[in-house]
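Have a look at the structure below, then the notes.
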Amino acid sequence: RQYDDGHNSADIEVPKVITEEEHPAVNDVNKSVEEYIYKLLAQFENNMQVEGYQNLDVSYEVVTNNDTWFALDIAAVETKASGYEFHRLYNINKVTGEQVELKDLFLDGSDYITVISEEIKNQMKSKMAEDEGVIYWLDNKEYPEDNFKEIKENQNFYLDNDENIVIVFDEYEVAPGYMGVSKFIINKELVKNILI
């Protein structure tokens, strides 16, 4: 779907998940994706009434598709005075036929949030030590409220083809805008004792 009035433009790809097997989660994901995109469109149309130039690009990518997992990444880039990229990921366990959120991967009562958050902090420190151009909001004493503390209970994620967990943060969520979207791979060995 495309729209362009000379001031505002939108280019939106709407995916439809189709799998060989009939999974209830497929219909749930398709419905959820449609609702999400309509919400973005409604926001875009509302912004057209009150703001000047703006652009909205929505695209998608299948990031994992193997015997066990299917993961769909909906990427949106909203541009006004500056750009902002954000993602919504949908994960389906093909074996159970269910849509999966991050918490569903772990045993009840396990502190996966702390384990993953600490690993992300270690990776952030490592990347900053290797390259001075890399900045994450981690130990900023001037704006401590912006520092990354921990992931959300249902943080954006997907499982890669090796079944490692890839945690995804939107632009500006854990780093300055020039860093773009931030991804951290959590090796499955690190969390194997708390996985279901």
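Which residues, taken from the stretch 173-189, are surrounded by fewer than 17 Cβ atoms within 10 Å (Cβ to Cβ) and assigned to a strand (DSSP E or B)?
Those that are surrounded by fewer than 17 Cβ atoms within 10 Å (Cβ to Cβ) and assigned to a strand (DSSP E or B): K183, I185.
Here are some residues: I151, I167. Which one is open to solvent by less than 100 Å² (accessible area, probe 1.4 Å), touching a residue at least 12 places away in the same chain (Cβ under 8 Å), assigned to a loop (DSSP other than H, G, I, E, B) and touching a Leu at 6+ places or on another chain (Cβ under 9 Å)?
After applying the criteria, what remains is I151.
Y158: part of a strand (DSSP E or B) and either open to solvent by less than 30 Å² (accessible area, probe 1.4 Å) or at pLDDT 95 or above (or both), yes or no?
When the stated conditions are applied, Y158 passes them.
In the stretch 136-177, what residues are in contact with a Phe, Trp or Tyr (Cβ under 7 Å, 6 or more places away or on another chain) and on the phi > 0 side of the Ramachandran plot?
Y172
Inspect all residues belonging to the stretch 120-140 and state whether any of them is open to solvent by 30 Å² or more (accessible area, probe 1.4 Å) and in contact with a strand residue (DSSP E or B) (Cβ under 6 Å, 6 or more places away or on another chain).
The answer is yes; a qualifying residue exists.
Can you name the residue in the stretch 42-95 that is under 17 Å from D28 (Cα atoms) and among the charged types (D, E, K, R) and, of all such residues, is surrounded by the most Cβ atoms within 10 Å (Cβ to Cβ)?
That would be D73.
The values are calculated or read from the model by the stated rules, or taken from the named source; none is laboratory data. Note that the structure is predicted; figures quoted are calculated from it, not measured. Here the Cβ is made from the backbone with ideal geometry for all residues, glycine too, and neighbour counts use every protein chain on show. Only protein heavy atoms, including side chains, enter the accessible area calculation; ligands, DNA and RNA are left aside. Shrake-Rupley method; radii C 1.70, N 1.55, O 1.52, S 1.80 Å.
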